[in-house]
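Student: Take this structure, written in structure tokens, and hold onto it; I'll ask about it next.
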């Protein structure tokens, strides 16, 4: 299959009426500052968007007076924040594994389920058998669901192809789906996920093929901006991951690591050592691992639904604060361990299970995951010059976001300065 490189849709103008508008009559506008070090609150504030970016943020009455030519958008007394950023999903797949979930509830182990034909390979088989147009349309529909839930930037990983050709197919289909939606999408090639049966007993050859054949193809065809690996006893060894990640960095790709999920295995220290954007999972990480991430500037990503499903413990807020590491929260959306479809509900879980407060949760859903994607200059905050991605929520205070379950709904979603309809409500697909 040959697909010529497509231009990144994340920079295009969404709608003609997006050029100049002011969102006013808010209960408050709340945003991380440009450095992501603190949260700034503007009671009855306003935000001005122009040409797809934030022009100004501040007191509502003052901004309305000074931007009289802007199209006014009445927030009706609602809370306004930056659009949420989901920095870890496995969103392109076919089928579901609800039956496996029931088996785990009854006490079967992940290893036993995998040995009987379940687990990752079950999804690989279903995905490989699915029509390409169905995979692409399903991915676009999932992205619309994320937008309706307040996410304006989403990362998508491959990983359910396993073989080199199948992984490239997944990345091509991602690019097609991205053209259907107005969200900003970060594409990640998860190239070491599980060893395919075609390479049984040939682990070194598999890693070398991914490094020598697939990585250059990703760069040549602009199929992904980052590469990920599953560094775990049930995945790949530290040295195997190091080989692939070193080659990826040499080609100018960003790197990420699934680390310390089922056992403390060295993935977090590898991520820190190699300057990865993020280390994700970390259920079995120790405080020294988190400190290493902090020193390296690598974001630690918590995936609470996966931890709950596999009955793993999450780290506690006191230790996270002491480590100095930046913490992000993501859905880890996948059909096995994390069938989670609301990032905000993941934040509500972390507030309860980890003990982060409302401002920490906001940082973990906006600026910090933007940094985990290398996008912190563009998204995750509403400072002047940032992308005009914002949400008016059906609540009045920041403290309500991690409080309500089911999660607070988005009232209006702004993407690059345009207030877009929600297809779930209006029964239409953008554009």
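Each value in this text was obtained by applying a stated rule to the coordinates, not by laboratory testing. Worth saying up front: this structure is predicted, and the values here are computed from it rather than measured. Ideal geometry is used to build each Cβ from the backbone, glycine not excepted, and the neighbour counts take in all protein chains shown.
Student: How high is the FRET efficiency from residue 44 to residue 165, r the C-beta distance, R0 51 Å, rounded to 0.05?
Tutor: Numbers: r = 56 Å, r/R0 = 1.10.
That pair, residue 44 with residue 165, gives E of 0.35.
Student: For the chain, what relative contact order do you get, as a whole percent, if you take Cα pairs closer than 8 Å and at least 6 residues apart?
Tutor: Computed value for the chain: 20 percent relative contact order.
Student: Continuing with this model, one more query. Using the 10 angstrom Cβ neighbour count as an exposure proxy, how do 329, 255 rank, fewest first?
Tutor: 255, 329
Student: Given R₀ = 25 Å, what would the calculated FRET efficiency be for residue 403 paired with residue 101, taking r from the Cβ atoms and rounding to 0.05?
Tutor: Calculated value: 0.35.
Student: Among 52-64, 181-193, 261-273, how do they line up from the highest to the lowest mean number of other beta-carbon atoms within 10 Å? Can you show the working numbers first?
Tutor: Details: 52-64: 17.7, 181-193: 25.1, 261-273: 22.2.
So the order, starting with the most tightly packed, is 181-193, 261-273, 52-64.
Student: Right, here's the next one. Label points 7 Å out from Cα along the Cβ direction at residue 251 and residue 35: separation in nm?
Tutor: Result: 3.7 nm between the two label points.
Student: Residue 61 to residue 359: extension gain in nm, 0.36 nm per residue of separation minus the Cα-Cα distance?
Tutor: Details: separation 298, 0.36 × 298 = 107.28 nm, distance 2.52 nm.
The span from residue 61 to residue 359 would gain 104.8 nm if fully extended.
Student: What residue among 220, 409, 147 has the largest mean-square fluctuation in a Gaussian network model of the chain, using Cα springs under 10 Å?
Tutor: Answer for the Gaussian network model of the chain: 220.
Student: Let me ask something else. In a Gaussian network model over the chain where Cα atoms closer than 10 Å are linked, find which of 116, 323, 278 has the largest mean-square fluctuation.
Tutor: 116
Student: Which of the peptides 309-322, 95-108, 236-249 is most tightly packed, and how do the rest follow, going by the mean number of other Cβ atoms within 10 Å of each residue?
Tutor: Highest-to-lowest ranking by the protection proxy: 236-249, 309-322, 95-108.
Student: Exposure proxy check: 215, 282 ranked by fewest other beta carbons within 10 Å?
Tutor: Numbers: 215 21, 282 31.
Sorted ascending by nearby Cβ count, the order is 215, 282.
Student: Also: Please give the FRET efficiency for residue 212 paired with residue 237, using the beta carbon to beta carbon distance and R0 = 22 Å, rounded to the nearest 0.05.
Tutor: 0.75
Student: For the peptides 350-361, 127-138, what is the packing order when you average, over each peptide's residues, the other Cβ atoms within 10 Å and list the highest mean first?
Tutor: Details: 350-361: 18.9, 127-138: 15.1.
Per-residue mean Cβ counts within 10 Å order the peptides as 350-361, 127-138.
Student: Please give the helix 132-148 orientation as an angle from the longest Cα principal axis of the chain, in degrees from 0 to 90, rounded to the nearest 10.
Tutor: The helix 132-148 is inclined about 40 degrees to the chain.
Student: Continuing with this model, one more query. Decide, for region 224-314, between rounded, prolate and oblate: order the square roots of the alpha carbon gyration tensor eigenvalues as a ≥ b ≥ c, take rounded if a/c falls under 1.5, and otherwise choose prolate if a/b is larger than b/c, else oblate.
Tutor: Taking the square roots of the gyration eigenvalues as a ≥ b ≥ c, region 224-314 is prolate.
Student: Please give the contour-minus-distance gain from residue 316 to residue 108: 0.36 nm per residue of separation, less the Cα-Cα distance, rounded to one decimal in nm.
Tutor: Stretched out fully, the residue 316 to residue 108 stretch lengthens by 72.1 nm.
Student: Exposure proxy check: 283, 69, 208 ranked by fewest other beta carbons within 10 Å?
Tutor: Exposure proxy ranking, most exposed first: 69, 208, 283.
Student: Please state, rounded to one decimal and in Å, the Kirkwood hydrodynamic radius that region 65-122 gives when every pair of distinct Cα atoms enters the mean of 1/r.
Tutor: Numbers: mean 1/r = 0.0608 Å⁻¹.
Evaluated on region 65-122, it is 16.5 Å.
Student: Separate question: I'd like the distance separating the alpha-carbon centroids of region 181-260 and region 348-374, in whole Å.
Tutor: For region 181-260 versus region 348-374, the Cα centre distance is 27 Å.
Student: Moving to a separate point now. Would you mind calculating the gained length between residue 204 and residue 19 on full extension (0.36 nm times residue separation, minus the Cα-Cα distance), in nm to one decimal?
Tutor: Additional length available on full extension: 61.3 nm.
Student: Is region 115-198 rounded, prolate or oblate when judged by the Cα gyration tensor, a ≥ b ≥ c being the square roots of its eigenvalues, rounded requiring a/c under 1.5 and prolate requiring a/b larger than b/c?
Tutor: Prolate, because a/c is 1.5 or more and a/b exceeds b/c.
Student: Tell me the relative contact order for region 213-284 as a rounded percent, counting alpha carbon contacts under 8 Å between residues six or more apart.
Tutor: With pairs under 8 Å counted, the relative contact order is 30 percent.
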